[in-house]
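All remarks here apply to the structure that follows.
The values are calculated or read from the model by the stated rules, or taken from the named source; none is laboratory data. Every value quoted in this text rests on a predicted model; they were computed, and no experiment measured them. Please note: Cβ atoms are built from the backbone with ideal geometry, for glycine as well, and neighbour counts cover all protein chains shown.
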Amino acid sequence: MKERTKRDIIFVGISVLLYAVIEALILYRVIPPYFERGIVTVCINVILAASLNLINGITGQFSIGHAGFMAVGGYVSAILTVKLGMSFSVAIIAGAAAAGVLGVLIGLPTLRLNGDYLAIATLGLGEIIRIVILNISYVGGAAGLNGVPKDTNFTWVFGMMIFTLLFIRNLVESSHGRACIAIRENEIAAEAMGINTTRYKVLAFTIGATFAGVAGALFVHYTYVASPSSFTFMKSIDILTMVVLGGLGSMTGSVVGAVVLTLLTFFLADYPQIRGVIYSLLLIVLMLYRPQGLFGNKEFSLKMLSRLTGGGRRDVA
């Protein structure tokens, strides 16, 4: 426990320092608005990748409908701020809660499935959510809900990103997290040892959906509009790609995967004809030479840094 507390304090300290530097650069216009948008997008994608990694990487399920929960969080929060005039903080909480409740309702019947069957079910449910939104005139239908206030800023997204990473990482290291990992490694053996596999799968699915709702609320309050076109099947695939690139089961990998793919898309925005080619080649090379992802299921730590810099060799000597 002391080691975990020490690690969290170091992580928060480094995060505060990083936030102060970036915020100062933004305030003094060293970072222009265009690049600020890229940084905000990175933070939102880190939240999405980390929350999906809890489901796919830590618990070993195969969900590809994450954009659906993002849409629910985004639309519920937008309704509260645009239609009902509520504060942004209340809207985020409500969006997260709505996505979490939907995660429970969807998870209870679908998480009895495994593998490809679960993937197909979550894909279908994500598309159902989007189609339902398309046919609700109250939220603008296909045109989307416009006039959403731009309440999201770097402070909000960075703070929520750090909270997400701390929450999920500490959950993984708890007894609940170890139960989820046991399910990933061997569900039959875990059930034989007395672990309620359905309960823990639904728990992971619900928490992942909740944080996807948070990301959705932050996203729509940064782009001024909640549009069904922002939450398509391809958005779910993008999030899944970030998780696979970084490494299934690694929170560090989720961060790195989200940063790499978001920045790659961001800097190649002016070259759409080659963006898809580079994106695809990157994934092919990764699958050939590093199929477990950049970090596998490992986490970056001070011990790893010591080994990389030669500290481990000095210890041996």
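Condition check: aliphatic (A, V, I, L, M), surrounded by 17 or more Cβ atoms within 10 Å (Cβ to Cβ), modelled with pLDDT of 90 or more and assigned to a loop (DSSP other than H, G, I, E, B). Does Val148 satisfy that?
It is true that Val148 is aliphatic (A, V, I, L, M), surrounded by 17 or more Cβ atoms within 10 Å (Cβ to Cβ), modelled with pLDDT of 90 or more and assigned to a loop (DSSP other than H, G, I, E, B).
Return a yes/no flag: does segment 64-86 have any residue that is among the hydroxyl-bearing types (Ser, Thr, Tyr), closer than 30 Å to Ile183 by Cβ, assigned to a helix (DSSP H, G or I) and out of contact with any Pro (no Cβ under 9 Å at 6 or more places or on another chain).
no
Among the residues of segment 262-274, is any outside any loop (DSSP other than H, G, I, E, B), more than 21 Å from the chain's Cα centre (by Cα) and modelled with pLDDT under 80?
The answer is yes; a qualifying residue exists.
Report yes if Leu27 is over 17 Å from Glu173 (Cβ atoms), surrounded by 10 or more Cβ atoms within 10 Å (Cβ to Cβ) and over 22 Å from the mean Cα position of the chain (by Cα), otherwise no.
yes
Please indicate, with yes or no, whether at least one residue in segment 279-301 is modelled with pLDDT under 80, out of contact with any Ser or Thr (no Cβ under 9 Å at 6 or more places or on another chain) and not in a helix (DSSP H, G or I).
No, there is no match, as no residue in segment 279-301 is modelled with pLDDT under 80, out of contact with any Ser or Thr (no Cβ under 9 Å at 6 or more places or on another chain) and not in a helix (DSSP H, G or I).
For segment 51-63: of the residues being part of a loop (DSSP other than H, G, I, E, B) and out of contact with any Lys or Arg (no Cβ under 7 Å at 6 or more places or on another chain), which is farthest from Ala179 (Cα to Cα)?
That would be Ser63.
Would you mind telling me which numbered condition in (1) surrounded by fewer than 21 Cβ atoms within 10 Å (Cβ to Cβ); (2) touching a residue at least 24 places away in the same chain (Cβ under 8 Å); (3) closer than 24 Å to Lys235 by Cα; (4) polar (S, T, N, Q) Thr206 fails?
Unmet for Thr206, out of (1) surrounded by fewer than 21 Cβ atoms within 10 Å (Cβ to Cβ); (2) touching a residue at least 24 places away in the same chain (Cβ under 8 Å); (3) closer than 24 Å to Lys235 by Cα; (4) polar (S, T, N, Q): (1).
Assuming Val225 fulfils every condition listed in (1) within 24 Å of Thr81 (Cβ to Cβ); (2) crowded, with 21+ Cβ neighbours inside 10 Å; (3) not charged (D, E, K, R) apart from one, which condition is it?
Val225 satisfies all of (1) within 24 Å of Thr81 (Cβ to Cβ); (2) crowded, with 21+ Cβ neighbours inside 10 Å; (3) not charged (D, E, K, R) except (2).
Determine whether Ile239 is surrounded by fewer than 24 Cβ atoms within 10 Å (Cβ to Cβ) and either in a helix (DSSP H, G or I) or β-branched (Val, Ile, Thr) (or both).
no
Scan segment 151-181 for residues that are of a type in the set (Ser, Thr, Tyr), closer than 20 Å to Phe88 by Cβ and surrounded by fewer than 18 Cβ atoms within 10 Å (Cβ to Cβ) and jot them down.
Thr155
Hey, among Thr210, Thr155, which residue is within 23 Å of Pro109 (Cα to Cα) and of a type in the set (Ser, Thr, Tyr)?
Of Thr210, Thr155, the one residue that is within 23 Å of Pro109 (Cα to Cα) and of a type in the set (Ser, Thr, Tyr) is Thr210.
Confirm whether Val76 is among the β-branched types (Val, Ile, Thr), in contact with a Gly (Cβ under 8 Å, 6 or more places away or on another chain), surrounded by 14 or more Cβ atoms within 10 Å (Cβ to Cβ) and closer than 22 Å to Tyr224 by Cβ.
In short, yes.
Could you please give the count of residues in segment 59-70 that are closer than 11 Å to Tyr200 by Cβ and surrounded by fewer than 24 Cβ atoms within 10 Å (Cβ to Cβ)?
Final tally of qualifying residues: 1.
Consider only pairs whose beta carbons are under 7 Å apart and that are at least six residues apart or on different chains; among these, list those whose first residue lies in segment 34-47 and is in contact (Cβ under 8 Å) with a residue 12 or more places away in the chain and whose second residue is crowded, with 19+ Cβ neighbours inside 10 Å and of a type in the set (Gly, Ala, Ser).
Hits for this filter: Val42/Ala258; Ile44/Ala215; Asn45/Ala258; Val46/Ser254; Val46/Ala258; Ile47/Ala215.
Across segment 108-117, what is the total count of residues that are under 11 Å from Gly60 (Cα atoms) and part of a helix (DSSP H, G or I)?
Count: 1.
Part of a helix (DSSP H, G or I), of a type in the set (Val, Ile, Thr) and in contact (Cβ under 8 Å) with a residue 24 or more places away in the chain: which single residue out of Val90, Val104 fits that description?
After applying the criteria, what remains is Val104.
Taking segment 223-241 as the region of interest, how many residues are of a type in the set (Val, Ile, Thr), closer than 18 Å to Val259 by Cα and touching a residue at least 60 places away in the same chain (Cβ under 8 Å)?
2
Can you tell me which of Ile162, Ile133, Ile168 is assigned to a helix (DSSP H, G or I), more than 24 Å from Met251 (Cα to Cα), in contact (Cβ under 8 Å) with a residue 40 or more places away in the chain and of a type in the set (A, V, I, L, M, F, W, C)?
Ile133
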